[in-house]
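Visitor: Sending over a structure as structure tokens; questions will come in a sec.
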Amino acid sequence: MMITIIFSIIFALILILLVTGSYHRSVVAMLGALLIIAFGLEYGVFGTQDVVGFVFDNADTIALVIGSMILCEALGRSGLFQFVGLSLISNIGKSIRWFAAIMLLLTVFLSAFLNNITAMLIIGALTLSLEKRLEMDFSELIIYEAIFTNIGGLMLMISSIPNLIVAGEFNIGFSRFAVVCIPLSLILTVVSIYMVMRRMKTAAPLKENLEIDPWSAVKDKKVFYRASLIFILVMIFFVLNDILHIGLGLIAIAGATAMLILSGEEPESIFRDIDWGTIFFLVSFFIIVGGMEQSGVLEVFAQDVSAVFLLFPALAYLFTILVCGAASAFIDNIPITITLIPIIKYISGKVGLSIETLAWSMVFGANLGGNFTPIGSPSIIIATGMLKRKGKNISFYEWFRKYAVFPCVHLLLAGLYTILLVVI
Amino acid sequence: MSNSSGVPEKFEEIRSEIEKAVIPHITVKIVMPEGVNKEEFLKLEEDEEFLQALGDFTKKWLKKRQDRK
């Protein structure tokens with residue numbers, strides 16, 4: 001009983017520190033992991049071998065995250081995504097609405113293959129450069145792009161870290177993930193583009209038809225072709241993994257190694273630009289949640305929730321989307337996902353609900369909820385930072401007034417889609 | 001919510017590469033000539049008229065070189 005209270009206090013403290021942002025999130029998670037280990041060992045909840053197990057049980061997910069990060073970093077440097085972007089916007093005429101639609105489609109495409117931060121950096125840099133060339137104001141478009149990164153973030157298994165964690169924990173293959181998530185992502189994209197285009201009815205047309213040579217974004221064509229080939233091969237192996245069962249982590253690491261050898265970039269500089277903070281954050285949270293699961297804290301919570309769901313089982317899917325979505329608006333979606341997984345597993349067993357559909361609910365909520373607040377996702381923080389440099393501040397109030405309608409529509413459609421998944 | 005620290009440098013790197021493709025430009029270093037006022041010289045970096053004159057000079061220079069060929 002005592003350890004349950006101690007672990008609950010530690011977890012609450014971690015969440016408070018994450019929400020307030022007083023310390024770097026990785027440092028908070030590492031501190032939390034250390035406290036869980038110290039008290040867990042002291043009270044005999046688990047042994048040192050178990051702590052190693054908390055991490056190694058998730059080795060494939062961790063390898064997949066590291067491999068994907070290296071792949072994306074090298075791909076970004078090859079100019080592939082910049083090339084695709086410039087190709088799409090060249091010679092599209094002067095219609096601002098058509099231009100916005102293409103930029104938003106491009107955003108979804110980029111965030112499907114890259115993490116949201118890199119996708120936002122590329123699309124934001126492109127938008128600001130075009131703004132300078134056309135001498136127009138694209139501030140509003142930058143915000144929409146940030147919102148769209150979170151739509152693209154649920155498209156593929158590799159699109160975001162919560163997707164990778166959920167797929168790893170529930171043994172969902174790359175193809176299965178794509179089959180379920182791509183249709184929803186496309187529906188959300190089309191509906192959201194329609195919403196944006198309605199808002200841009202009165203916007204002035206572009207000042208010129210953009211004629212840009214996409215190859216000018218590519219420094220070395222050889223590197224470009226090599227990187228593109230490795231990327232395509234990795235994607236093919238991800239799809240084939242459902243038959244080959246090599247392990248997605250191993251495929252990602254193999255692709256990353258090939259990229260490090262053949263990209264022509266100094267490996268040291270690629271390693272330097274990898275987001276190691278996220279890796280430490282992820283590993284620390286696996287320890288925190290592993291320890292809490294072992295101590296039975298999560299089971300106590302899951303029992304209470306199960307009691308409610310036994311009365312209204314169908315609500316569990318929608319409730320999961322809402323909880324994940326609301327929490328992701330304020331807290332990082334990685335700890336939310338890792339913490340909810342054991343709870344979801346328990347509830348599924350107790351109430352007799354489809355575990356896979358609950359997993360989809362988590363993916364939808366964790367990815368789309370970030371659009372609720374201006375601090376909800378890294379891409380929005382970057383976008384608002386870009387606008388701040390232009391002297392435009394976006395308050396919470398302004399965000400709710402102008403942009404919160406997007407996540408509301410997204411979560412509503414995701415809820416309907418989940419019901420459809422249950423029915424068919 | 002997620003962390004996005006260390007982003008500004010990377011953004012500037014990506015932006016300067018993309019900007020070169022969208023607005024082709026070169027960066028040249030002009031050493032201050034002797035006998036000019038330093039303050040006036042440094043202000044030229046932001047002087048639209050000067051930049052326009054440089055652009056016109058570049059056009060003429062490239063045309064002259066092409067004609068020579």
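Visitor: Return only the number of the condition from (1) touching a helix residue (DSSP H, G or I) at 6+ places or on another chain (Cβ under 7 Å); (2) at pLDDT below 90 that A:Ser361 does not satisfy.
Guide: The failed condition is (2).
Visitor: If a residue must be more than 10 Å from chain B (Cβ to nearest Cβ), assigned to a helix (DSSP H, G or I) and either at positive phi or among the hydrophobic types (A, V, I, L, M, F, W, C) (or both), how many such residues does the stretch A:124-157 contain?
Guide: Looking only at that region, the number is 7.
Visitor: For A:Ile243, are the conditions met, namely being surrounded by fewer than 16 Cβ atoms within 10 Å (Cβ to Cβ) and farther than 24 Å from A:Thr337 by Cα?
Guide: Against the criterion (surrounded by fewer than 16 Cβ atoms within 10 Å (Cβ to Cβ) and farther than 24 Å from A:Thr337 by Cα), A:Ile243 qualifies.
Rundown of residues vs (1) in the same structural domain as A:Gly296 (by TED's automatic domain parsing); (2) surrounded by fewer than 19 Cβ atoms within 10 Å (Cβ to Cβ); (3) more than 22 Å from A:Ala112 (Cβ to Cβ); (4) small (Gly, Ala, Ser), yes/no style:
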{"residue": "A:Leu311", "(1), (2), (3), (4)": "yes, yes, yes, no"}
{"residue": "A:Thr337", "(1), (2), (3), (4)": "yes, no, no, no"}
{"residue": "A:Lys345", "(1), (2), (3), (4)": "yes, yes, yes, no"}
{"residue": "A:Gly352", "(1), (2), (3), (4)": "yes, yes, yes, yes"}
{"residue": "A:Thr373", "(1), (2), (3), (4)": "yes, no, yes, no"}
{"residue": "A:Trp399", "(1), (2), (3), (4)": "yes, no, yes, no"}
{"residue": "A:Ala414", "(1), (2), (3), (4)": "yes, no, no, yes"}
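Visitor: Would you point out which residue out of B:Lys38, B:Lys20, B:Lys10 is away from chain A (no Cβ under 14 Å) and either modelled with pLDDT of 95 or more or on the phi < 0 side of the Ramachandran plot (or both)?
Guide: From the options B:Lys38, B:Lys20, B:Lys10, the qualifying one is B:Lys38.
Visitor: Then there is this: Evaluate the following for A:Ala329: is it of a type outside the set (Ser, Thr, Tyr), within 23 Å of A:Ile158 (Cα to Cα) and within 14 Å of chain B (Cβ to nearest Cβ)?
Guide: yes
Visitor: In the list A:Ile394, A:Ile375, which residue meets the criterion of being under 25 Å from A:Leu13 (Cα atoms), assigned to a loop (DSSP other than H, G, I, E, B) and modelled with pLDDT under 90?
Guide: Unique residue meeting the criteria: A:Ile375.
Visitor: Another question about this same structure. With A:Ser78, A:Ser160 as the choices, which residue is in contact with a Phe, Trp or Tyr (Cβ under 9 Å, 6 or more places away or on another chain), within 14 Å of chain B (Cβ to nearest Cβ) and surrounded by 20 or more Cβ atoms within 10 Å (Cβ to Cβ)?
Guide: After applying the criteria, what remains is A:Ser78.
Visitor: Looking only at the stretch A:9-39, how many residues end up being over 20 Å from A:Val52 (Cα atoms) and loosely packed, with under 14 Cβ neighbours inside 10 Å?
Guide: 7
Visitor: Can you say whether A:Leu420 is assigned to a helix (DSSP H, G or I), over 15 Å from A:Gly153 (Cβ atoms), more than 14 Å from every other protein chain (Cβ to nearest Cβ) and within 19 Å of the chain's Cα centre (by Cα), as far as the supplied structure shows?
Guide: No.
Visitor: Look at A:Gly93 and say whether it is in a helix (DSSP H, G or I), in contact (Cβ under 8 Å) with a residue 24 or more places away in the chain and more than 12 Å from chain B (Cβ to nearest Cβ).
Guide: When the stated conditions are applied, A:Gly93 does not pass them.
Visitor: Here's a check for you: in the stretch A:45-68, which residue that is assigned to a helix (DSSP H, G or I) and touching a Phe, Trp or Tyr at 6+ places or on another chain (Cβ under 6 Å) is surrounded by the most Cβ atoms within 10 Å (Cβ to Cβ)?
Guide: The extreme case among them is A:Phe54.
Visitor: Does the stretch A:11-23 include one or more residues that are touching a Ser or Thr at 6+ places or on another chain (Cβ under 8 Å) and among the aliphatic types (A, V, I, L, M)?
Guide: The answer is no, given that none of the residues of the stretch A:11-23 is touching a Ser or Thr at 6+ places or on another chain (Cβ under 8 Å) and among the aliphatic types (A, V, I, L, M).
Visitor: What tally of residues in the stretch A:349-374 results from selecting those that are within 14 Å of chain B (Cβ to nearest Cβ) and in contact (Cβ under 8 Å) with a residue 60 or more places away in the chain?
Guide: 5
Visitor: Condition first: of a type in the set (Val, Ile, Thr) and either within 11 Å of chain B (Cβ to nearest Cβ) or in contact with a Phe, Trp or Tyr (Cβ under 6 Å, 6 or more places away or on another chain) (or both). Now tell me which residues in the stretch A:81-90 satisfy that.
Guide: Listed by number, the list holds a single entry, A:Ile89.
Visitor: Which members of the stretch A:293-321 meet the condition of being polar (S, T, N, Q) and touching a Leu at 6+ places or on another chain (Cβ under 9 Å)?
Guide: Across the stretch A:293-321, the qualifying residue is only A:Thr320.
Visitor: Between A:Ile344, A:Ile334, A:Ile338, which is within 22 Å of A:Phe54 (Cα to Cα) and more than 19 Å from the chain's Cα centre (by Cα)?
Guide: A:Ile344
The values are calculated or read from the model by the stated rules, or taken from the named source; none is laboratory data. What you see is a predicted model, and the numbers here were worked out from it, not measured in a lab. Every residue, glycine among them, receives a Cβ derived from its backbone with ideal geometry; neighbour counts consider all protein chains shown.
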